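Structure first, commentary second.
The values are calculated or read from the model by the stated rules, or taken from the named source; none is laboratory data. All values reported here derive from a predicted model rather than from experimental measurement. In this analysis, Cβ positions are derived from the backbone assuming ideal geometry, glycine residues included, and neighbour counts consider all displayed protein chains.
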Amino acid sequence: MPEDRETAGETARRRPPLFRFEAALAAFAGLVLFAGFLALGIWQLERREWKLGLIAAVTGRAAAAPVAAPGPRDWPAIGFDRDEYRHITATGRFLEGKSVFAQATTDYGGGFWLMTPLKDERGFTVLVNRGFVPSRDFAAGAGLSDEATTATGLLRMSQPEGAFLRSNVPAEGRWYSRDVAAIAAAEGLRGPVAPYFIDAGSPLDHTPPVNAEMGAPPPGSVDYPVPGLTRIIFRNQHLQYALTWFALAGLTLVGAFIAIRHGRRRSS
């Protein structure tokens, strides 16, 4: 037995430096991977808690009784975390001839949001997304009245600079996002303009169309514009992601154990 131990020790001492360096490097890489996968799993659990809180807050705001749309005095304090998707209402007159079409993808297929400014009776202007229309050919003035109108819906923060890889082109009337400041400038809206817009209608009261082809309803079966299409359902797959990262961390440990065991067998 002592001779076997001496032989094993002599073998370890005779291993080339490159072999020892590779073993140490493999152990270090395994440790880094394990720590990285573990950290990613914990981060996904934290993101899950944040997403659940966001869903609860948004659903609560959307389901609450509508309150008056924030006026100029309140605008400096408005922010996404506290105000996005608040249920609000504004009363005034729509400004005919000032509507724009912003590209949209909805349960009704591709088309446009019909954005029309409303002059609030308190003296400021707020853009109202009156709903979805299938094309730019829709008569933007249809359904508008010279009388005072109340618009009720969800407060949405401005969406500046366009969409991914698509910038708004105000001079050509091409809008890929609902950029309140840019739309107000392009349409020459005077006076204070709210830094948010209103998505008319309530998604909690809307039933999506049932159709096998791209979600589009049969022609002539819908009165446009269609309000209440705001998405308040957020994708939440953070738990699955976390379990995946934790599984990879576990596999890293298993792989390290197998590698160490194999190395010991080779050395013996």
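So the values come out like this:
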| quantity | calculated |
| --- | --- |
| Failed condition for E147, given (1) part of a strand (DSSP E or B); (2) more than 18 Å from P72 (Cβ to Cβ); (3) in contact (Cβ under 8 Å) with a residue 40 or more places away in the chain | (1) |
| Filter result (among the basic types (K, R) and touching a residue at least 24 places away in the same chain (Cβ under 8 Å)) within the range 43-91 | R47, R48, K51, R61, R86 |
| Residue within the range 170-192 that is closer than 17 Å to G71 by Cβ, touching a helix residue (DSSP H, G or I) at 6+ places or on another chain (Cβ under 7 Å) and either modelled with pLDDT of 95 or more or among the polar types (S, T, N, Q) (or both) present | yes |
| Filtered residues of the range 176-193 (kept if under 25 Å from T105 (Cβ atoms) and outside any loop (DSSP other than H, G, I, E, B)) | V180, A181, A182, I183, A184, A186 |
| A102 being of a type in the set (A, V, I, L, M, F, W, C) and assigned by TED's automatic domain parsing to the domain that holds P192 | yes |
| I233 vs. criteria closer than 26 Å to T152 by Cα, at pLDDT 90 or above and not basic (K, R) | no |
